[in-house]
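Every number here is computed from the coordinates shown, using simple stated rules; none is lab data. Being a predicted model, the structure only gives us computed values, none of them experimental. Virtual Cβ from ideal backbone geometry, glycine too; neighbours counted across all protein chains shown.
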Amino acid sequence: MRIDVVVGVARDAWRAASHPRAFFSALEDRPSLPPPLAAAAASALVGSLILGVVAARATGSDAWLPFLLGAPVLVLPYLAIVTLLGGLVLMRPAALDLRAFEIVAWAWTPTGLLALSILPVGLFAPVPTLLGAAVLLPPWHLWVVWRGVEAHAAGGARAAFILYIVAVFGVPSALLAFTVTVLSNLA
């Protein structure tokens, strides 16, 4: 891969995460999926590796390899599923085509940016850092999604956004709570 392409995708990832309204308004009429998918995957990979380091530090574990290998193995398939689900949920009510997947992919770029910013603090205060990241990432992600939907939806932006929140955050949270409840009752 050429360095100018990598720099361009990194620049676009920063613009999508920091100025999403201007970024999505300036996109070409024809959606392009490779750059946002690459940015989302790279961001999730960086985020998961840093999460692994901070989680290992939080648990006091000296077994770094399972954390560093386990986090990407769990995060990247999850990212693929929620990007697919999120794009599908946005398509119909907002009258978006492939742009829905492009919006969702660009919206995951705050993951890597947030992870890079918390790394120094996470090494010294890992538990509060993990909690802070868990609180900060969803609103940042949703802000980027909303700006993208707002810029490109032909109609039904609010309904699409609410469905997105339910599908990408509500359903997984409910499934996690159900799984934890079932597993805790088995013990």
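When each of 105, 94 is tested for being among the small types (Gly, Ala, Ser), crowded, with 19+ Cβ neighbours inside 10 Å and outside any helix (DSSP H, G or I), the lone residue that passes is 94.
Only one of the numbered conditions (1) more than 14 Å from residue 13 (Cβ to Cβ); (2) β-branched (Val, Ile, Thr); (3) in contact (Cβ under 8 Å) with a residue 40 or more places away in the chain is violated by residue 75, and that is (3).
Give me the pairs: first residue in the range 5-22 and in contact (Cβ under 8 Å) with a residue 24 or more places away in the chain, second residue crowded, with 19+ Cβ neighbours inside 10 Å and outside any helix (DSSP H, G or I), beta-carbon distance under 8 Å, and six or more apart or on different chains, which are they? Within 8 Å, the pairs are 13/109; 14/109; 16/109; 17/109. What number goes with the only condition from (1) of a type in the set (A, V, I, L, M); (2) buried (at least 21 other Cβ atoms within 10 Å of the Cβ); (3) not in a helix (DSSP H, G or I) that residue 154 does not pass? Of (1) of a type in the set (A, V, I, L, M); (2) buried (at least 21 other Cβ atoms within 10 Å of the Cβ); (3) not in a helix (DSSP H, G or I), only one is false for residue 154: (2).
Pairs meeting the criteria (first residue in the range 130-158 and among the basic types (Lys, Arg), second residue part of a helix (DSSP H, G or I) and surrounded by fewer than 17 Cβ atoms within 10 Å (Cβ to Cβ), beta carbons under 6 Å, at least 6 apart or on different chains) are 147/21.
Scanning the range 1-58 for residues being hydrophobic (A, V, I, L, M, F, W, C), part of a loop (DSSP other than H, G, I, E, B) and surrounded by fewer than 19 Cβ atoms within 10 Å (Cβ to Cβ) gives a total of 3. When 32, 43 are checked against the criterion of being of a type outside the set (A, V, I, L, M), under 28 Å from residue 129 (Cβ atoms) and touching a residue at least 60 places away in the same chain (Cβ under 8 Å), a single residue qualifies: 43. Restricting the range 167-187 to residues that are touching a residue at least 40 places away in the same chain (Cβ under 8 Å) and among the hydrophobic types (A, V, I, L, M, F, W, C) leaves a set whose member that is surrounded by the most Cβ atoms within 10 Å (Cβ to Cβ) is 168.
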